[in-house]
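Input: a single structure, listed below in structure tokens.
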Amino acid sequence: MAVVTREEWGARKPTPGPGALDPKQVLGVALHWPGITKPETGIEGVSELLRGWQRFHMDAREWSDIAYQLAFDQDGNTYRLRGLRTQSAANGDTEPNETFGAFLLVLAPGEHPSDEMLSAVRKQVAAFRLLYPIGRQIVGHRNVRPEPTDCPGDTVMAGI
């Protein structure tokens with residue numbers, strides 16, 4: 001289980017964005033999934049996916065960076081994206097982006113999180129809660145998004 005830096009996964013430099021989360025406003029973490037068509041493992045494969053999502057978010061959506069703060073793979077690797085202190089763009093609207101972090105679980109439909117992935121997520125939720133003491137909630141993206149979505153999938157929702 002490694003922590004993969006932005007440099008290691010090949011991230012582009014972010015442009016100016018929404019800024020830092022306010023510890024007085026953060027309610028918790030929203031879990032996301034990409035809904036990829038097939039499972040992906042290994043740092044090289046997941047890094048390629050992250051670079052593609054970052055290109056889409058920055059070039060097509062014109063966001064400052066990839067939308068999420070952290071990503072996790074089935075091997076238990078944690079990928080630094082925006083980082084824990086920067087607002088996400090993944091939760092669907094300004095208010096949920098200001099009040100919830102956004103963690104991406106790299107899972108395909110029907111794929112169950114491994115013990116290694118769950119351990120890495122728990123570790124980062126604990127680190128998030130140290131920064132945002134009132135941010136105790138763990139929710140699915142569908143719980144905070146203004147429009148309907150199936151994210152983060154039924155498997156992750158059952159685990160919450």
Would you confirm, using the coordinates I've provided, whether ARG129 is out of contact with any Ser or Thr (no Cβ under 8 Å at 6 or more places or on another chain) and either part of a helix (DSSP H, G or I) or open to solvent by less than 10 Å² (accessible area, probe 1.4 Å) (or both)?
yes
Scan the stretch 83-109 residue by residue and report those that are of a type outside the set (S, T, N, Q), in contact with a Gly (Cβ under 8 Å, 6 or more places away or on another chain) and part of a loop (DSSP other than H, G, I, E, B).
LEU84, ALA89, LEU107, ALA108, PRO109
If you go through the stretch 55-68 one residue at a time, do you hit one that is surrounded by fewer than 17 Cβ atoms within 10 Å (Cβ to Cβ), of a type in the set (S, T, N, Q) and not in a strand (DSSP E or B)?
no
Of the residues that make up the stretch 102-112, is at least one farther than 19 Å from GLY159 by Cβ and open to solvent by 70 Å² or more (accessible area, probe 1.4 Å)?
no
Among the residues that make up the stretch 15-29, is at least one of them in contact (Cβ under 8 Å) with a residue 12 or more places away in the chain, surrounded by 13 or more Cβ atoms within 10 Å (Cβ to Cβ) and of a type in the set (S, T, N, Q)?
yes
Identity of the residue in the stretch 132-146, of a type in the set (A, V, I, L, M, F, W, C) and closer than 14 Å to GLU98 by Cα, that ends up least open to solvent (accessible area, probe 1.4 Å):
VAL144
When the stretch 36-54 is checked residue by residue, the ones that are among the hydroxyl-bearing types (Ser, Thr, Tyr) and over 21 Å from ALA90 (Cα atoms) are THR41
ALA120 vs. criteria over 12 Å from the mean Cα position of the chain (by Cα), open to solvent by less than 20 Å² (accessible area, probe 1.4 Å), at negative phi and at pLDDT below 95:
no
Checked pairs for the stretch 31-43, first at negative phi, second exposed (fewer than 13 other Cβ atoms within 10 Å of the Cβ) and part of a loop (DSSP other than H, G, I, E, B), C-beta under 8 Å and 6 or more apart or across chains, list as LEU31/ILE160
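The values are calculated or read from the model by the stated rules, or taken from the named source; none is laboratory data. Just so you know, these numbers come straight off a predicted model, no measurement behind them. Glycine gets a Cβ as well: all are built from the backbone with ideal geometry, and neighbour counts include every protein chain shown. Side chains are part of the model used for accessible areas, which takes the heavy atoms of the whole protein and leaves out ligands, DNA and RNA. Shrake-Rupley method; radii C 1.70, N 1.55, O 1.52, S 1.80 Å.
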